[in-house]
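Since every read-out is calculated from the coordinates, none of them should be taken as a lab result. Since we're looking at a predicted model, the values are computed, not measured. For neighbour counting, all protein chains shown are included, and Cβ atoms are generated from backbone atoms with ideal geometry for every residue, glycine included.
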Amino acid sequence: MELNELELALDDDQKEIEGYIYEIDECHDRMQDIDEFVRAIQAGEVPALPNTAFALVEMEEEREEEENAINKYKEARGWHEEQFQKLQGQCAMLKKERAGLHKTCIEICSIFRRSGVFGVIRARLVKLNSKSA
């Protein structure tokens, strides 16, 4: 995998993780709203509600759905965080390899320059160009 592709994948995973965090926060907000509504029902502050028992059961079911969603989002976020860590490790390794290859390239060019290989190649290219012209 190329370094640029890996960095793009890192960005995507980071956005996914942030998305899960947002969704979890939204679920917590909805649960808080449900809890406040249940307290209002139990306190008799919602007089227009004809069947409070049914409403309480519905609110409990909605709260359970939110809790289940939170658990699923946390599980998915955990998986993406693992992937993110792996990708970061691969990215660091590729950057280290790239730096090592760059250093080796510089060393090879330096050896070629000192040993006169570049001069020989240049002379041959000049000779080839003069023949083709």
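Taking the inverse of the average 1/r across all pairs of different Cα atoms in segment 72-120, what Kirkwood radius in Å do you get? Before the final figure, lay out each step's value.
Numbers: mean 1/r = 0.0725 Å⁻¹.
For segment 72-120, the Kirkwood estimate is 13.8 Å.
Projecting the Cα atoms of 90, 40, 130 onto the charge dipole of the chain, computed from C-beta unit charges around the Cα centre, puts 130 farthest toward the positive end. Of 15, 103, 74, the residue with the greatest mean-square motion in the GNM of the chain, using alpha carbon springs below 10 Å, is 103. Placing +1 on each Lys and Arg Cβ and -1 on each Asp and Glu Cβ, with no other charges, gives segment 3-98 a dipole about its Cα centre of roughly 540 debye. Going from the residue with the fewest nearby Cβ atoms within 10 Å to the one with the most, 106, 70 rank 106, 70.
The angle separating the long axis of helix 3-42 from the principal Cα axis of greatest extent in the chain is about 10 degrees. For segment 43-126, a simple Cβ point-charge model (Lys and Arg +1, Asp and Glu -1, everything else neutral) yields a dipole of about 2180 debye relative to the Cα centre.
From the largest down, segment 3-98 spans 70, 15, 15 angstrom on the principal axes of its Cα atoms. Students often get this wrong, so check it: of 15/72; 103/127; 74/96; 74/95, which have C-alpha atoms separated by over 24 Å? Listed pairs above 24 Å: 103/127; 74/96; 74/95.
Taking the chain as a Gaussian network of alpha-carbon nodes connected by springs under 10 Å, the highest mean-square fluctuation of the residues 108, 21, 34 belongs to 108. Counting only residues at least eight positions apart within a chain, or on another chain, the aspartates and glutamates with an alpha carbon under 20 Å from that of residue 86 are 2, 5, 7, 11, 12, 13, 16, 18, 75, 97.
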